[in-house]
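Asker: The following block contains the structure, expressed as structure tokens.
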Amino acid sequence: MTDATEHSEPWGSDVQGMMLANEANWDARTPVHLASRFYGLDASPDPARWFAPFEWEDLGDLAGQDVLHLQCHLGTETLAFARRGARATGLDLSGASVAAATGIAERDGADISYVRANVYDAVEALDGRRFDIVYTGKGALCYLPDLDRWAHTIARLLRPGGRLYLVEFHPLLNALGPKPGDGEGPELLLRHDYLGGRGALRKASSSTYTDGPAVEGATESFEWAHGLDEVVTAVVGAGLRVERLRECDELPWPRWPGMTPTPSGWWRLPETAPRIPHLYALLASR
């Protein structure tokens, strides 16, 4: 396995430090997420719940396909690919996450290979292997400072005819927040950047998006905003052809109070609220 801390990145030392802080933060988050009810790992895991029905429609039959899940964290989605007959591989920056994902797969009886590496080092860490599908998203891109380099890395990971499938939180969703003074009230306002270009956003918190105990140790992390235009331009610039772009008004969990369940088991804002995208899905081919 490749140790992400051993590679010198072609950025300034400040960005290198931010990436190392993110690695330490996800190492610290991992035991909290393992203990939380959010992922449901205390019982038999149900990885299919993290997927919208349209994702399986876009991906098609995975049996016998080589599927790489970048920034896989605990490997919940990776496990779903293996259950559908794919030869699944997961890659993550966090050594603690890779160890946890390996244990989860072993308990499930799934044959999944996990590799610890920075996503930008994926080609070398995977010894030049090529894949039919590279899947990523749902909270992944915000931890990457350079989408052009990300997209070119993915192009090198795909076989000719291979596909990138990105399902990510919509930048509009990330830009919204509750009205100041209302705590987590129902009124949402534009409170954060939709577009990137202003550098990293520093966060320091002992809590994460899950329930469970407080994060101990490395509580600092850094995120980068990426508008939809930046994502599409990076993918096209890497020589990939965009086949489909979807926008979706549902999330796999209720991010804000007042969200209502949908027939798919996901959540959306109530009917009285404006209909806005929460996720987008981009399918591109090499």
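The values are calculated or read from the model by the stated rules, or taken from the named source; none is laboratory data. Since the structure is predicted, the reported quantities are computational estimates derived from the model, not experimental observations. Cβ: placed from backbone, ideal geometry, glycine included. Neighbour counts: every protein chain shown.
Asker: Among the residues of the range 48-56, is any at pLDDT 95 or above and either under 30 Å from R198 (Cα atoms) or touching a Phe, Trp or Tyr at 6+ places or on another chain (Cβ under 8 Å) (or both)?
Answerer: yes
Asker: Something else: Step by step: first the residues of the range 256-275, then only those that are under 17 Å from L172 (Cα atoms) and of a type in the set (F, W, Y), then the one that is surrounded by the most Cβ atoms within 10 Å (Cβ to Cβ). Which residue is that?
Answerer: Here the residue is W267.
Asker: Turning to a different aspect of this structure: If you take the residues of the range 178-219 that are crowded, with 16+ Cβ neighbours inside 10 Å and modelled with pLDDT of 80 or more, which of them is farthest from L20 (Cα to Cα)?
Answerer: My answer is L188.
Asker: When you look at D146, is it of a type in the set (D, E, K, R), over 30 Å from S36 (Cβ atoms), in contact with a Phe, Trp or Tyr (Cβ under 9 Å, 6 or more places away or on another chain) and in contact (Cβ under 8 Å) with a residue 12 or more places away in the chain, yes or no?
Answerer: yes
Asker: I'd like the residue in the range 239-272 that is of a type in the set (D, E) and part of a strand (DSSP E or B) and, out of all such residues, is nearest to the chain's Cα centre (by Cα).
Answerer: Among them, the one singled out is E247.
Asker: Right, here's the next one. Which ones in the range 89-114 are under 16 Å from the mean Cα position of the chain (by Cα), not in a helix (DSSP H, G or I) and not polar (S, T, N, Q)?
Answerer: G90, L91, D92, L93, Y114
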